[in-house]
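What follows is a short report on a single structure.
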């Protein structure tokens, strides 16, 4: 258990440091449109980095309350789920907003065909996610539910918002990749490569972790070890992504300081 706690702690620390480094870089170029965009992205990643330990702490506190007040389980579960949704949404919307600002500065636009494939793939993913999230594996009245909400409310207030936020986040990652590919200057391109790669890894791993979390009751046919291994691997990937962001932001900062 201690290595797992250490892994999560490292990921959280790197997340905060990576966000601060992007903020430092945006302050150096705050007079430009790039600077304003990176400032918004930095705020989004800071919310994302802080939300992870906050929701974990909240779950622990609610878990202790549940032991002493079983009647509070439904209410606390609903509150916990919506807080996690709100923090995830805020972070990804900010990142998407900043990435859109950066993408608007590029001259090239992605081809309609590639956009169709991307949208089509996400629609398929969304349909599968909505299908699995409403299937409740309830065999006895005593079996705990995950959301304590009717299916129509799960779809409209949990599944649909999550899909919207995930689409915004993944689309932001793709636009950061396009922005990096169209950046000018060898040194800038090299630095943006680290930054864009880190952003892609962090967003993809964060989305994957949240997918597994929201579908955790559908994975009860698996033993605990494979699920924990997947989650730990994704947390490690998120930590690596934040490390790449920190390296890229440091390189950009050094270029601007020369």
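Descriptive notes on the structure:
- Helices (runs of 4 or more DSSP H) fully within the stretch 99-204 that include at least 1 residues being closer than 25 Å to residue 15 by Cα and modelled with pLDDT of 80 or more: 160-181.
- Taken over the stretch 48-81, the residue count meeting the criterion of being in a helix (DSSP H, G or I), without any contact (Cβ under 8 Å) to a residue 40 or more places away in the chain and over 26 Å from the mean Cα position of the chain (by Cα) is 8.
- Meets criteria (touching a residue at least 24 places away in the same chain (Cβ under 8 Å) and over 24 Å from residue 165 (Cβ atoms)) for residue 33: yes
- Restricting the stretch 12-47 to residues that are exposed (fewer than 14 other Cβ atoms within 10 Å of the Cβ) and not in a helix (DSSP H, G or I) leaves a set whose member that is farthest from the chain's Cα centre (by Cα) is 31.
The values are calculated or read from the model by the stated rules, or taken from the named source; none is laboratory data. Nothing here was measured: the structure is a model prediction, and the numbers come from that model. For neighbour counting, all protein chains shown are included, and Cβ atoms are generated from backbone atoms with ideal geometry for every residue, glycine included.
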